[in-house]
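Taking it in order: structure first as structure tokens, then the write-up.
No lab work stands behind these numbers, since they all come straight from the coordinates. These numbers come from a predicted model, not from an experiment. Here the Cβ is made from the backbone with ideal geometry for all residues, glycine too, and neighbour counts use every protein chain on show.
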Amino acid sequence: MDTTMTIELAGKRARNSSIILTDRLCEKRVVKRTKLYDRKCSGLYVSITTAGVATFSFKFTDRETGKQRTGWLGVYNPETFTVEDARSKVYGLKAMGGDALAETFRDQQATKAKRGKTVAEIIDERIKWMKTPVKKPDGEMRPRLESWENTASHLDRFIRARLGKKLAMEVTKHDIATLSNDIVAGKFGKPSVSNARHMRKSASGLFNWAAEAGRDYVTASPCVNLPKLDPEHPRTRVLSEDEIRIFWHGLDRDDLPYDRRTRLALKFELVTMLRSRELLGAHRDELFDLDGQHPRFDVPLKRVKKRRVIQQPLSDLAVEIIKEALASDDQEYVFESPMYKGQPIHRKAMADALRGTMNEKNKDKTKTAGLCDLLGLKRFTPHDLRRTAATLAGDLGFDDALIAKCLDHASSKKTEVVVPTVTGKVYNHSKRMKEKRALLDSLAAELRRIVGAPALVGIDPEKHKPRLAA
């Protein structure tokens, strides 16, 4: 049904028509900017834009200057600011008297200037605010929002590109919903429900921030009651034993691209169940007791998704990988970049190695083929290695709660017994290191069995030097 409204009135008031304002009129779509005066309340009018934004204002005469002035009242909202609300506000203003009324609207000039900011201007301020360094719980100065680069990317790629020139206060729920639909439909590249969901989250954060007291760039966020997106199907890719064997030994081939440390990092993710970002920044100072009975890797909270320190036990297989990666005594990072000495491998290096690097001139072609294609394996991601390790641990008989602990997932159940949330957050700070070590040692033994590498138990390293499984 077409709800577009065309005002066709003859005479002097063809544009500035006088009618009895209703909420329904404020919700109508117009073909051009339209101003409607209210017959019931002298001086009150609503201005409706083609974007569907209805703004109430009040026209009066300033007794001090004798000139006509206009005061801004607010944006129509069916739940918080209706026509009756606007009328009540005008009646209250009129009761204040001429001088007080003029002074009130003088104070509103600064507010009006704030609300004249464009979406692009607010995005710039938001990004600057997000990346401003602040003191974190561990005492370090880091960006206020540590994932600001991802948020900034979604703000720039989608919201700035579509709505950047628009006044922030004029952005409607319809604008956000349309942008979301276009992302899903592939108008911004590959169709992606995930990108639409991330865009909505970034937009919601932007407009909620813009509406906070002290900023007041908008009166309310337009990211409310949006149509639900289709559910995303969770990834279930798990490597089979044959695929693990092909992959593991394929990483040892000398005729394939990608440097050795990147390949070792891929093995390390499978062996330790850590996330790529957590392990790629591994520093010498974060490794303990590598030659002892209880080797471990402490991941600082700044690299952990949940912002908590992870103490991950290291199996003998994990220690082998670390020792091979640490090629020299002056090497600070375990997985040092082959291009930038003294820096860890880039966070996308592992994913690029698996899927291949793209050709900048032709996005449909790869510049360098990925390891999956070169080894004849169905494509997978570094995260799928974590899922594969967790599946192997489950097949070995370990319960989900302990597997979740090794994955650094929040766990609320253990063998069907519900654990109160407060227990895990407040009282139980045990890392359950013994249980985690038992799981990771068993996982290493299972991987040795799968890839056919000998275990080193009982072997004197000085007399026997078999090829390491790593």
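The table for this structure:
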| quantity | calculated |
| --- | --- |
| Relative contact order %, region 270-318, counting alpha carbon pairs below 8 Å whose residues are six or more apart | 34 percent |
| For residue 69, residues with placed amide H under 5 Å, excluding near neighbours | 60, 61, 62 |
| Normalised contact order of region 241-451, rounded percent, pairs of Cα under 8 Å and 6 or more residues apart | 24 percent |
| Charge dipole (debye, nearest 20) of region 241-451; +1 at Cβ of Lys and Arg, -1 at Cβ of Asp and Glu | 1040 debye |
| Debye intensity ratio I(q)/I(0), log10, region 119-210, q values 0.10, 0.14, 0.15, 0.18 Å⁻¹ (C-alpha model) | -0.28, -0.51, -0.58, -0.78 |
| Order of 53, 334 - criterion: other Cβ atoms within 10 Å of each residue's Cβ, fewest first | 53, 334 |
| Net charge over other residues, Cβ less than 9 angstrom from the Cβ of residue 123 (K, R count +1; D, E count -1) | -2 |
| Neighbour-count order for 91, 37, 45, fewest beta carbons within 10 angstrom listed first | 91, 37, 45 |
| Too-long pairs where the Cα-Cα distance tops 19 Å, listed order kept, from 306/434; 228/348; 67/94 | 306/434; 228/348 |
| Charge sum, other residues only, whose C-beta stays under 12 Å from residue 160's C-beta, Lys/Arg counted +1 and Asp/Glu -1 | +2 |
| Greater than 26 Å apart at Cα, pairs in 59/165; 341/367; 267/367; 35/128 | 59/165; 35/128 |
| Highest average packing first - 205-211, 132-138, Cβ atoms within 10 Å | 205-211, 132-138 |
| For region 241-451, convex hull volume per residue from C-alpha positions, Å³ | 143 Å³ |
| 3J(HN,Hα) from dihedral phi, region 255-261, Karplus parametrisation 6.51/-1.76/1.60, rounded to Hz, x for glycine, proline | 9, 10, x, 6, 5, 4, 5 |
| Under the Karplus curve 6.51 cos²θ - 1.76 cosθ + 1.60, θ = phi - 60°, whole-Hz ³J(HN,Hα) for region 237-245, x wherever Gly or Pro sits | 5, 10, 6, 6, 4, 4, 5, 4, 5 |
| Ranked 79, 286, criterion: other C-beta atoms within 10 Å, fewest first | 79, 286 |
| Calculated from backbone phi, Karplus (6.51, -1.76, 1.60) coupling profile of region 157-162 in Hz, x at Gly/Pro | 5, 10, 6, 5, 4, 9 |
| Amide proton proximity set for residue 30, modelled H, under 5 Å, gap of 5+ | 5, 52 |
